[in-house]
1. Is it the case, given these coordinates, that Ala31 is at pLDDT 90 or above and either touching a Pro at 6+ places or on another chain (Cβ under 6 Å) or within 30 Å of Val426 (Cβ to Cβ) (or both)?
2. Could you tell me which residue of the range 385-394 is nearest to Leu342 (Cα to Cα), considering only residues that are part of a helix (DSSP H, G or I) and within 8 Å of the ligand (Cβ to nearest atom)?
3. Restricting to the range 400-409, give me the number of residues that are within 12 Å of the ligand (Cβ to nearest atom) and either farther than 14 Å from Leu378 by Cβ or among the aromatic types (Phe, Trp, Tyr) (or both).
4. Of all residues being near the ligand (Cβ under 8 Å from one of its atoms) and within 14 Å of the chain's Cα centre (by Cα) in the range 375-384, which is surrounded by the fewest Cβ atoms within 10 Å (Cβ to Cβ)? Just the residue, please.
5. Please verify whether Leu342 is in a helix (DSSP H, G or I) and at pLDDT 95 or above, treating the condition exactly as stated.
6. As an exercise: evaluate Gly17 against (1) at pLDDT 95 or above; (2) surrounded by fewer than 19 Cβ atoms within 10 Å (Cβ to Cβ) and give the number of the one condition it does not meet.
7. Could you tell me which numbered condition Glu30 fails, if it satisfies all but one of (1) assigned to a strand (DSSP E or B); (2) over 19 Å from Ile414 (Cβ atoms)?
8. If the requirement is being within 16 Å of the ligand (Cβ to nearest atom), surrounded by fewer than 17 Cβ atoms within 10 Å (Cβ to Cβ), not in a strand (DSSP E or B) and not charged (D, E, K, R), which of these qualifies: Asn425, Asn412?
Amino acid sequence: MADYSALSKEELLALVGKLDAQKKYGLVWEADRTKEVFEADLHASIPFLSEVTKNNLVLGKELPNNMFIEGDNYHALSVLNYTHQGKVDVIFIDPPYNTGNKTWRYNNDYVEGDDTFKHSKWISFMAKRLKLSKNLLTDDGIIIVSIDDYEVHTLRFLLDEIFGENNRLGTLSVINKKSGRSTDKFFATSHEYYYFYAKNADLASIGMMESSEETKQTYKLADEDGSYKWRDFLRTGGFSTPEERPNSFYPIYFDPKSKKIAIEKFPNAVEIFPIDSKGKKRVWRQTRPSLMKLVGQGAILIEETKSGWKVRIKDRIKMVVKPKTVWDSPLYDAATHGTKLLETILNKPRAFDFPKSVYAVRDALSVALNGKDDAIILDYFGGSGTTAHAVTLLNKEDDGNRKFIICTNNENNIASEVCLPRIQNVINGVVGLEEITGIPTNLFYFKTSFVQKSISLDETRIRVSENCHELIKIKEQVFETIEGNDYYSIHRSEVKTVGVYHSIDLSEISVLKKKIQKFNGEKVLYCFTLDNFGLNLEEFDDLSNVRLEPIPQSIVDIFEGLADV
Ligand SMILES: C[S@@+](CC[C@H](N)C(=O)[O-])C[C@H]1O[C@@H](n2cnc3c(N)ncnc32)[C@H](O)[C@@H]1O
C-alpha cells in the first residue's frame, strides 16, 4: 500500500478529490494501460475505403446492394459514421469471446488466460467499437451481441453503460450444443447468451416467433378452424381464488344426457363448482357471459372422470408467440448448422472454428427487425459471414430487400478464404443446398485504407477530397461509376446520379454541371471548397433540381469528432 504519511496536506486533498470523482458503481478497467497500437496514430490519419472491384458481384440493378468491408472494424466503423449514421436497423455481432485459448489477438498478440490485463484489454477493445456503432443505429434500432460465460458479466456492464440499462430488451440463452461440451472441467456448457439492446426502448419493437415444433405437437386435434387441444377450464396458480376473482366463481349446470350446459339451474342438471383436486375453491377461466359465448361456439366440453366432472375449453394453437428467453431448437445447433454447413458451402473441412448456426442468427435478426423488409443489417465481427447468409435467407422467405454490411479483418485469411467465398457461394448457389443458397443479391467489396493528414489543414482537405469517392458512393448508395478523371467522377443508381468534383482546380466544374443536369431522377453534386461555410450558392445558380453538398470539411469533421472515442 502507498505511504500516505509522506504526502503533504495539498497532495492528500488532491488525492481525496481524485478518489471522490471516481466511479462508485459499474465497470472499471485499465483503459490507459490497454490502448491499441493504432490509437497513437488516430490524429495523424483518416480512415477511408478502397473498392476491390474484382471481388464485386453485381447481378441486377433491382437487387439489394450489400457491402463487404475487409479491415479492422474500428476503422470500418469510423468510415460508417460518415456514410451510415442513424441508418442501420439492426446490428448483430459475435465478438471474440476472450477464452484465453489463442482465439483472440490484441495488438497482434494472443491474449492468454493468465494475462492480468485480459479483461481490461477486451473491455477497451469492445467499448470503443460499441460506442462507434451506437451512432449508426436508427432511432428504433436494436443491437444483438452474442457472448459466452467468459465475458458475459463485463459485457452486461458495458452495454448498460453505453446503451442504458433501460434499453436492455432481453438476455437470451441460446442452446447451441444440447449435448454439452464434454471437454469442460465441471459443467458441460450447452448454451451461449444473446443480449438485445435498443437504442431507445420507447421506440423499439420486436417481432413474434413461430411456435416450436414441440408445442405444435401437443395440439393433436383439428377442426375446420385449425389445430386445438382441450385444456382445463379451472384456473389454478396466481389469481385463481374466489376472493381474487369473485365474478369467476359460479356453478355450471350440465345435463349428461342432453349435453346441455347452462349457468342457471334446470331439471336433471348436475352442478359443477370450480374446486381443485385438493378440494380448494378456485375459479373458472372466464366469467358467466364469456362461458355462454364459448358454449355457443362449441368450445366447452364437460366429461366425467374418476375424480369427478371436468370442464374443458378448446385451446387453439398460436402459430406465433412472444419470443422466450431460452431458445432451444435443433436448428440452433452450431455444429450442424454452423461448422458442417460451412464445410458443405465451401467444400473444405474446418474452414473456421466458430461459425454460428445460420438459423439462430436468422431468427435473432427476424425478431429484432419485426417485419422490416427494407432494412440495413450490420455485423462488424463478420467471421465466416453467417449474418450475411442469414440476411439472404430472410429475403428469400418474403422477397425482401434487406441489405447487409459485413466487416471482418483478414486474420488467418478469414475474409479472403472463408467469408467472401461463402457469400459468393450463397449468392451463386451450391448443388444440394438449393433451399439456402442461390439467392441473388449484389455485393460490393471494400478494404480499409488511410490518408495521412498534413500539418497544413488545406493540404489535408485536398487529400481527403481526392480520396472520398468511395465514401460518397456508399453514403448516397450509387455503386455504378460511369465516369472518372483527375477532376471529377460520376456515379449512378436506378434512381440517382451523383457527381463528385474533388479537385482544387475548378476549371472543369462547368463541364460536370452540364453533365449532371442532363440526367433524369434525383441529382446530387458534391463539390470541393476550402471554405468552412460551404459552397457559394450563387456560383451554382445555373443548376436546377440538384442537391449541393460541400466537401471535404463535412468528412474531416466527422473523423475529428471520432478520434477520441
Ligand atoms: C467469433 S468470430 C465471429 C463468427 C461469426 N459470427 C460466424 O458465425 O462465422 C469473430 C470474428 O471477428 C474477427 N475480428 C476480430 N477482431 C476484429 C477486428 N478488430 N476487426 C474486424 N474483425 C475482427 C475475427 O477474425 C473473427 O473471425
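1. On the way: at pLDDT 90 or above: yes; either touching a Pro at 6+ places or on another chain (Cβ under 6 Å) or within 30 Å of Val426 (Cβ to Cβ) (or both): no.
For Ala31, the condition - at pLDDT 90 or above and either touching a Pro at 6+ places or on another chain (Cβ under 6 Å) or within 30 Å of Val426 (Cβ to Cβ) (or both) - is not met.
2. Step one: of the range 385-394, the residues part of a helix (DSSP H, G or I) are 386-394.
Remaining after also requiring within 8 Å of the ligand (Cβ to nearest atom): 386-387.
Working: Thr386: 9, Thr387: 13 Å.
Result: Thr386.
3. Taking the range 400-409 first, the residues within 12 Å of the ligand (Cβ to nearest atom) are 406-409.
Imposing the further condition that a residue be either farther than 14 Å from Leu378 by Cβ or among the aromatic types (Phe, Trp, Tyr) (or both) reduces the set to 409.
Residues flagged as within 12 Å of the ligand (Cβ to nearest atom) and either farther than 14 Å from Leu378 by Cβ or among the aromatic types (Phe, Trp, Tyr) (or both) within the range 400-409 amount to 1.
4. Kept after step one, since they are near the ligand (Cβ under 8 Å from one of its atoms), are these residues of the range 375-384: 379-384.
Adding the requirement that they be within 14 Å of the chain's Cα centre (by Cα) leaves 379-382.
Values: Asp379: 26, Tyr380: 24, Phe381: 18, Gly382: 31.
Applying the filter and picking the extreme gives Phe381.
5. Taking the combined requirement at face value, the residue satisfies it.
6. Here Gly17 clears every test but (1).
7. (1)
8. On the way: Asn425 fails: surrounded by fewer than 17 Cβ atoms within 10 Å (Cβ to Cβ).
One residue alone meets the criteria, Asn412.
The values are calculated or read from the model by the stated rules, or taken from the named source; none is laboratory data. Note that the structure is a prediction, hence the values are computed from the model and not measured. Note that each Cβ is placed from the backbone with ideal geometry, even for glycine, and that neighbours are counted across all protein chains shown.
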